[in-house]
Amino acid sequence: MHERTTSSQSIDYIRDLFAPEDATLKHVIRTIEENDLRTIQIGPDEGKMLEFIIKLANVKTVVELGTLAGYSTLWMARAIPEGGHVYTVEHSPEVATIAQENFDKAGVNNKITLLHGDADKMLPELEGNAPFDMIFIDADKVGYYDYLLWAEKNIKKGGIIVGDNTFLFGAVYQDLDKVENVSKQAQDAMRKFNRRLADPTLYNSIMIPTAEGLTVAQKLF
Ligand code: DHB
Ligand code: MG
């Protein structure tokens, strides 16, 4: 099962034709289910969007915030050329163990470094490898605006910032009583996140209306 809040034949069509999953990706999904993790990873259609962006923009180095079992990490690691690298940060040690096993099995370990720990600790460590070509933000939603400010500092001019779940389950465009389990802090953070990325003096940007919302922005400065 993939994350999806709306059922749609058109998404199935896209997934079948443009983003079929091989045995490795299917195995990653199984590890999520077998370990009773929430099935909140991106869908294959979104994995293919990340791959497309990476190839189009010639991305070689990626930071991912929020690894989960490594499904999106694998899409990105496969998309970058040899010599490229994905640094992925996961705060939960249990989840990071599952992800590491998945990377070991997938045969792209040379392209992936998994860091487990809180963003507060791990992001300063990553700065030694900056500037990056792309940063994919898919972690705790309250942190999105802080992660954006970090990304902005640590990405090259022309680099790409992508955020998942940027509709925040409907909370960016509705009052909180209309959505479930979204805090005021998360709502404020995501609204600021999208508002900053929508500023055409700072970013060349779009928001792709996936079920969850995917904001994609190229830094202009
Ligand atoms: C949640 C987080 C995600 O990154 C996602 O894609 C879907 C749901 C969540 O925390 O509920
Ligand atoms: Mg997500």
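Here are the numbers:
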item	result
For Ala171: the one exception among (1) surrounded by 18 or more Cβ atoms within 10 Å (Cβ to Cβ); (2) of a type in the set (A, V, I, L, M); (3) in contact (Cβ under 8 Å) with a residue 40 or more places away in the chain	(3)
The stretch 194-220 - residue that is within 16 Å of ligand 2 (Cβ to nearest atom) and hydroxyl-bearing (Ser, Thr, Tyr) and, of those, nearest to the chain's Cα centre (by Cα)	Thr215
Filter result for Lys55 (crowded, with 19+ Cβ neighbours inside 10 Å and more than 15 Å from ligand 2 (Cβ to nearest atom))	no
Check on Ala217, in contact with a helix residue (DSSP H, G or I) (Cβ under 8 Å, 6 or more places away or on another chain) and under 14 Å from Val142 (Cα atoms)	no
Extreme residue, nearest to ligand 2 (Cβ to nearest atom), among residues of the stretch 27-52 that are touching a Ser or Thr at 6+ places or on another chain (Cβ under 7 Å) and hydrophobic (A, V, I, L, M, F, W, C)	Ile42
Inter-residue pairs, beta-carbon under 7 Å, first touching a residue at least 40 places away in the same chain (Cβ under 8 Å) and in the stretch 65-94, second more than 14 Å from ligand 1 (Cβ to nearest atom) and among the aromatic types (Phe, Trp, Tyr), 6+ apart	Gly70/Phe103
In the stretch 22-52, residue surrounded by the fewest Cβ atoms within 10 Å (Cβ to Cβ) [restricted to those that are free of Cβ contacts under 8 Å to residues at least 24 places away in the same chain and within 16 Å of ligand 1 (Cβ to nearest atom)]	Asp36
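Every read-out reported here was derived from the displayed coordinates using simple, explicitly stated rules and does not represent laboratory data. Worth saying up front: this structure is predicted, and the values here are computed from it rather than measured. A quick note on method: Cβ atoms are made from the backbone with ideal geometry, for glycine too, and the neighbour counts reach across all protein chains shown.
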